[in-house]
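Bear in mind these aren't lab numbers, they're just calculated from the coordinates by the rules spelled out. Note that the structure is predicted; figures quoted are calculated from it, not measured. No Cβ is skipped: glycine too gets one built from the backbone with ideal geometry, and neighbour counts run over all protein chains shown.
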Amino acid sequence: MYITWFLLGITILVSIRAFQDETLKRKLMFSPYLLVHEKEWYRVISHAFVHANWIHLIFNMYVLYAFGIQVTYEMYPPSMYRDVSYSLEPVLIHNHGPKGYLYFGSLYLGGILFSTLISIRRHRDNPMYFSLGASGATMSVLFGYMLLHPSAQLSLFFIPIAIPAYIFAPAILAMEYYMSRRGGSFIAHDAHFAGAVFGIVFMTIIDYHYLIDFFKHFGE
């Protein structure tokens, strides 16, 4: 059983329950102030399982599903894995055996935790700052996928042109960094940026050849 299915199920169920219970949503949201001053450490994890609205939930779960798992994995022989853009968890399982499950789960959990670090530093004394959603973790999955598939053709909703992952990845990373530094929006771009960086670092720790193969595409 893929970990992705479990993450999808629990996140959807908790988010829907929180849609109906504002007190529960508030209790699970990420708050650097409450984490630091009230020692509510559970919020560094719980915030990833609640979302602001249906659009927020659907978008994050779509990214997790699309890049975390692909149900046609079993249909092709192992010799084709490097030629077809299989999603992240099945490839990790194929490349690393049972450890692939551990790697994927650690990537997702690490993305959740790492995505809070910038906010903790910036907003630890701001009792009005709250955030929620699995965006940091799904960014880790997305960037892990792009390291595995540098030539995969990806596109944004507002840019209907497919772009190779090895170009798409640094472009998104630069945009999230710029928006994080700029501020002034209701989107936690700092969490997106941190999650993306964690995805790159974690995949490189698993196997540094992933990063080497990614950069090779710039010379092609």
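Compute the Cα gyration tensor for region 98-162, then decide on rounded, prolate or oblate, letting a ≥ b ≥ c be the square roots of its eigenvalues: rounded whenever a/c is under 1.5, prolate when a/b is larger than b/c in the other cases, and oblate in all that remain.
oblate
Each of the peptides 146-154, 107-115, 49-57 was scored by the mean count of other Cβ atoms within 10 Å over its residues; in descending order, highest first, they stand as 107-115, 146-154, 49-57.
Among 131-141, 34-44, how do they line up from the highest to the lowest mean number of other beta-carbon atoms within 10 Å?
Working: 131-141: 28.0, 34-44: 14.4.
Answer by packing, highest mean first, reads 131-141, 34-44.
Run the helix sum for the chain: -39,500 (n - 2.57) per DSSP H stretch of 4+ residues, divided by residue count, reported at 222 nm to the nearest 500 deg cm²/dmol. Each step should come with its number before you reach the end.
Working: 12 runs with 141 residues, N = 220.
So the calculated ellipticity at 222 nm is -20000 deg cm²/dmol.
Simple point charges give the picture: +1 on the Cβ of Lys and Arg, -1 on the Cβ of Asp and Glu, and for region 3-219 a dipole about the Cα centre of about 480 debye.
Normalising the average separation of contacting C-alpha pairs (under 8 angstrom, six or more residues apart) by the number of residues puts the relative contact order of region 1-75 at 39 percent.
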